[in-house]
Amino acid sequence: MNIIVCIKQILDPEIPARDFRVDSAKREAERGSANLVTNIFCENALETALQFREAHGGKITVVSVGPEGAEDVLRKALALTANEAVLVINDAPGLADPLFVARTLAAAIRKIGAFDAVLLGREAGDWGAGQTGGLLAEELGLPCISFAESLAPAAPGAVQVKRQTDSGWELLESTMPLVVTITNHEKNVPRIPKTRDVMQSYRKPLTKWTLADVGIDPASTAAYYEVAELSIPRKETQCEFIAGDTLEAKIDAFASRLTEVMRAL
Amino acid sequence: MGDVVCYLPAKAGWDRSAQGVLGAGRRLADSLGAKLRAVVLGPTDEALVQGAAAVSDSVAVADHPLLAEYHPETFLAALVAICKPLAPRAVLLGNDTYGQELAARLAHRLGGSAAGDAVGIAVAGDKLHVTRGVYGGKATAVIALVRSPGVVWLRARAMDPADPAGRAPGEVQKVTVDLAADPRVKVVSRHVEAKEGVKLEEARVIVSGGRGLGGPEPFKQLQELATTMGAQMAASRAACDAGWVPASWQVGQTGKKVAPELYLAIAISGASQHIMGIADSKVITAINRDPDAPIFKHCSFGLVEDYQKVIGPLREKLAKNG
Ligand SMILES: Cc1cc2nc3c(=O)[nH]c(=O)nc-3n(C[C@H](O)[C@H](O)[C@H](O)COP(=O)(O)OP(=O)(O)OC[C@H]3O[C@@H](n4cnc5c(N)ncnc54)[C@H](O)[C@@H]3O)c2cc1C
């Protein structure tokens with residue numbers, strides 16, 4: 001099976017709120033001293049693909065739309081033993097418009113050629129639009145299954161997808177090709193690359209295309225949405241720390257506060 | 001033309017989400033001077049249809065054998081078939097997993113723009129403005145939807161319902177949609193994780209555990225505490241990823257959005273992505289051994305202690321308090 005995994009580089013989402021700043025005029029987050037990392041759900045998607053390939057064979061191509069520096073997240077994916085990588089260079093700053101990204105990914109995927117499944121993270125840890133997978137499926141005219149945690153072989157030409165729902169999970173079966181968005185699960189927690197594979201990743205093929213190479217003209221692509229405002233909410237509650245001379249006294253006081261709230265219900 | 005459509009899944013019934021979607025839809029329609037059209041897919045649910053009619057200008061009910069159970073491709077096709085001739089200005093959905101799954105694709109098929117997890121929606125000139133948390137809740141963005149219709153999935157449970165007083169109920173129409181079974185995707189099986197009581201999203205009291213619990217065993221202790229408090233159980237992503245509790249317990253940016261009267265976080269640090277799921281809670285409190293844990297910045301009151309020393313005696317004390 002040929003699996004394409006789409007990967008996005010983002011500002012480290014783990015930076016503490018107190019260190020996070022935005023440029024409200026530019027409507028962008030400030031980079032500050034934060035690292036750029038692979039979006040966690042893209043890592044979950046790659047892990048899902050790696051496990052499928054280990055069990056059933058196949059090839060994994062990772063694709064990213066982003067600036068030159070996004071090569072780093074593709075190298076990391078190669079170190080995790082993805083077979084090939086493609087970077088479509090898009091230097092436009094600011095918000096990556098989800099429809100523009102989906103169109104660019106679709107164009108790149110068509111250029112890559114034969115594939116059976118495209119895996120993406122359910123959303124990214126920066127703008128969190130959660131739309132690229134769905135829009136990509138529409139651009140490619142394929143079915144889409146969201147919030148999946150694992151893939152398994154089914155009848156020839158088909159795949160079984162286990163996905164999460166609000167109340168539990170469900171099993172869906174789809175013909176290939178298809179688009180799948182991946183969510184986190186205990187079974188797709190990303191692995192750590194081996195040192196030897198990190199060394200070898202620099203010898204693996206990484207193709208770079210411009211937007212023109214894939215036939216995308218940013219100027220002629222009408223916008224999908226724009227950021228009108230970006231700000232940091234200031235909402236801090238004053239926490240009353242429960243005091244007491246002994247542990248027992250503190251627990252009693254804490255219990256009384258809880259009881260007080262629950263009595264008012 | 002130019003109306004507001006609210007999509008309501010019949011299966012979910014007249015729940016808080018349906019009420020919130022219609023509330024937001026009513027206010028948006030009024031500010032646009034447009035009509036509010038509720039669209040129900042699935043076997044007729046009287047309470048839902050009556051509830052929707054009371055605050056809408058019309059209710060279209062599409063009941064079709066293929067809409068008895070959710071299917072991504074057929075539900076999408078049905079919504080497109082119903083929405084297209086209406087040429088709406090906005091289509092609103094709830095932020096359940098199915099709503100999120102449908103929205104972007106629906107926008108694409110209708111030539112519109114989507115945005116989701118909206119905490120607010122407003123008209124600004126010729127555009128719809130959607131307010132939502134970004135950067136894991138560390139920032140708030142107002143997104144201007146360039147294309148029409150604006151397809152928006154909402155934090156519906158946190159939105160005020162509409163007031164039906166003084167309004168004649170909207171007309172209820174059965175609509176037929178021409179649907180064929182999707183040849184590509186089939187639903188093999190559906191599994192509901194057994195959990196007693198109300199849904200997490202509708203719970204009034206929640207006890208939630210995190211990575212600091214150190215394993216699955218302490219969750220049993222938390223469960224006893226929750227039972228004493230009449231609470232539902234939830235967890236952080238770290239606890240779900242560790243496999244200690246089911247994924248459906250996850251609360252946060254990419255988990256459930258909850259809005260209880262009381263949220264008790266135990267051994268949860270309070271990362272912004274976690275807070276995104278609990279920010280609508282009335283009272284947030286925590287037990288954490290680290291006084292600098294970010295969770296305390298969101299708490300009305302909190303206890304700095306090792307949870308292991310607290311849970312047992314706390315449960316006994318609460319049982320005594322009654
Ligand atoms: C795109 C994205 C989406 C995300 N979505 C979500 C989401 O939906 N929900 C979510 O929860 N997270 C989400 N996260 C992850 C989030 O950033 C945090 O990593 C996660 O919430 C941490 O979980 P935690 O608080 O349980 O663990 P930790 O951050 O490890 O915190 C453990 C806490 O336990 C305390 N502790 C340890 N031992 C004890 C003890 N004996 N007694 C008392 N306290 C103790 C510690 O002081 C610490 O504060 C997301 C991240 C990203 C990047």
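The values are calculated or read from the model by the stated rules, or taken from the named source; none is laboratory data. Everything numeric here is computed off the predicted structure, so don't read it as measured data. Counting neighbours? That spans all protein chains shown, and the Cβs are built from the backbone with ideal geometry, glycine included. Areas reflect the complete protein model, heavy atoms only, side chains present, ligands, DNA and RNA absent. Shrake-Rupley method; radii C 1.70, N 1.55, O 1.52, S 1.80 Å.
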(request) Report in % the part of the accessible area of the range A:111-199 that belongs to carbon and sulfur, leaving out ligands and nucleic acids; probe 1.4 Å. (result) 56
(request) Please work out the C-alpha center-to-center distance from the range B:166-224 to the range B:1-63 and express it in whole Å. (result) 20
(message) Given axes a ≥ b ≥ c from the Cα gyration tensor, I'd like to know whether the range B:44-145 is rounded (a/c under 1.5), prolate (a/b larger than b/c) or oblate.
(response) prolate
(request) With the Cα gyration tensor of the protein assembly as shown in hand, give its eigenvalues times 5 under a square root as the equivalent ellipsoid semi-axes, listed largest first in whole angstrom. (result) 36, 32, 23
(message) Helix-only estimate, please: 222 nm mean residue ellipticity of chain B, summing -39500 (n - 2.57) across DSSP H runs of length 4 or more and dividing by its residues, to the nearest 500.
(response) -9500 deg cm²/dmol
(request) Taking 7 Å along the Cα-to-C-beta vector as the label spot, tell me the A:S220-B:S300 distance in nanometres, rounded to one decimal. (result) 5.9
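Only Lys, Arg, Asp and Glu count, each charged at its Cβ (+1, +1, -1, -1), so figure out the dipole size of chain B about its Cα centre, rounded to 20 debye.
Computed charge dipole of chain B: roughly 480 debye.
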(request) Let me know the shape class of the range B:92-164, please: from the alpha-carbon gyration tensor, a ≥ b ≥ c as square roots of the eigenvalues, rounded when a/c is under 1.5, otherwise prolate if a/b is greater than b/c, or oblate. (result) rounded
(request) Could you state the angle between the C-alpha long axis of helix B:16-32 and the longest principal axis of the C-alpha atoms of chain B, as a value from 0 to 90 degrees rounded to the nearest 10? (result) 50
(message) So with the 1.4 Å probe, I'd like the accessible area per residue for the protein assembly as shown, rounded to whole Å².
(response) 40
(request) Might you work out the accessible area of B:H191 for me, using a 1.4 Å probe with all protein chains in place, and round it to the nearest 10 Å²? (result) 60
(request) Have a look at A:I145, A:I89, A:I192 and tell me which one the Gaussian network model of chain A (Cα, springs below 10 Å) gives the largest fluctuation. (result) A:I192
(request) For chain B, with a Gaussian network of springs between Cα atoms less than 10 Å apart, report the residue from B:Q308, B:Q273, B:Q232 with the top mean-square fluctuation. (result) B:Q308
(request) Quick one: grab the alpha carbon gyration tensor of the range B:188-263, order the square roots of its eigenvalues as a ≥ b ≥ c, and give me rounded if a/c is under 1.5, else prolate or oblate depending on whether a/b is larger than b/c. (result) rounded
(message) Considering the Cα positions of chain B, please state its Rg to one decimal place and its Dmax as a whole number of Å.
(response) 21.2, 63
(request) Provide Rg and Dmax in Å for chain A, with only Cα atoms included in the calculation. (result) 22.0, 71
(request) Give me a single rounded figure for B:88-99: the average over its residues of other chain Cβ atoms within 10 Å of their Cβ. (result) 2
(request) Compute the FRET efficiency between A:K194 and A:I232 as 1/(1 + (r/R0)^6), taking r as their Cβ-Cβ distance and R0 = 51 Å, and round to the nearest 0.05. (result) 0.80
(message) For peptide A:221-227, what's the mean number of Cβ atoms from other chains within 10 Å of each residue's Cβ?
(response) 6
(request) Select from B:S148, B:S189, B:S58 the residue whose mean-square fluctuation is largest in a Gaussian network model of chain B (Cα-Cα springs shorter than 10 Å). (result) B:S189
(request) Mind giving me the FRET efficiency for B:T227 and B:Q50? R0 is 35 Å, r the Cβ-Cβ distance, nearest 0.05 is fine. (result) 0.50
(request) May I ask for the Kirkwood hydrodynamic radius of the range B:4-174, worked out over all distinct Cα pairs and given in angstroms to one decimal? (result) 15.7
(message) Just to be sure I understand the model, the point goes 7 Å from the Cα along the line to the Cβ. What's the resulting A:A158 to A:D72 distance in nm?
(response) 4.4
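To the nearest hundred square angstrom, how large is the accessible surface buried between B and A, total for both chains, probe 1.4 angstrom?
Heavy-atom accessible area buried at this interface is about 7300 Å².
Taking the radius of gyration and the Kirkwood hydrodynamic radius from Cα positions alone, what is the Rg/Rh ratio for the range B:237-322, to two decimal places?
That ratio is 0.97, to two decimals.
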(message) In 5 Å bins starting at zero, report the fraction of Cα pairs in the range A:114-265 per bin as a rounded %.
(response) 2, 6, 9, 11, 12, 11, 11, 11, 8, 6, 5, 5, 4, 1, 0
(request) Report, as an integer, the average count of C-beta atoms from other chains found within 10 Å of each Cβ along A:244-251. (result) 3
(request) Net charge near A:P13: determine it from the other residues with C-beta under 13 Å of the C-beta of A:P13, scoring Lys and Arg +1 and Asp and Glu -1. (result) -3
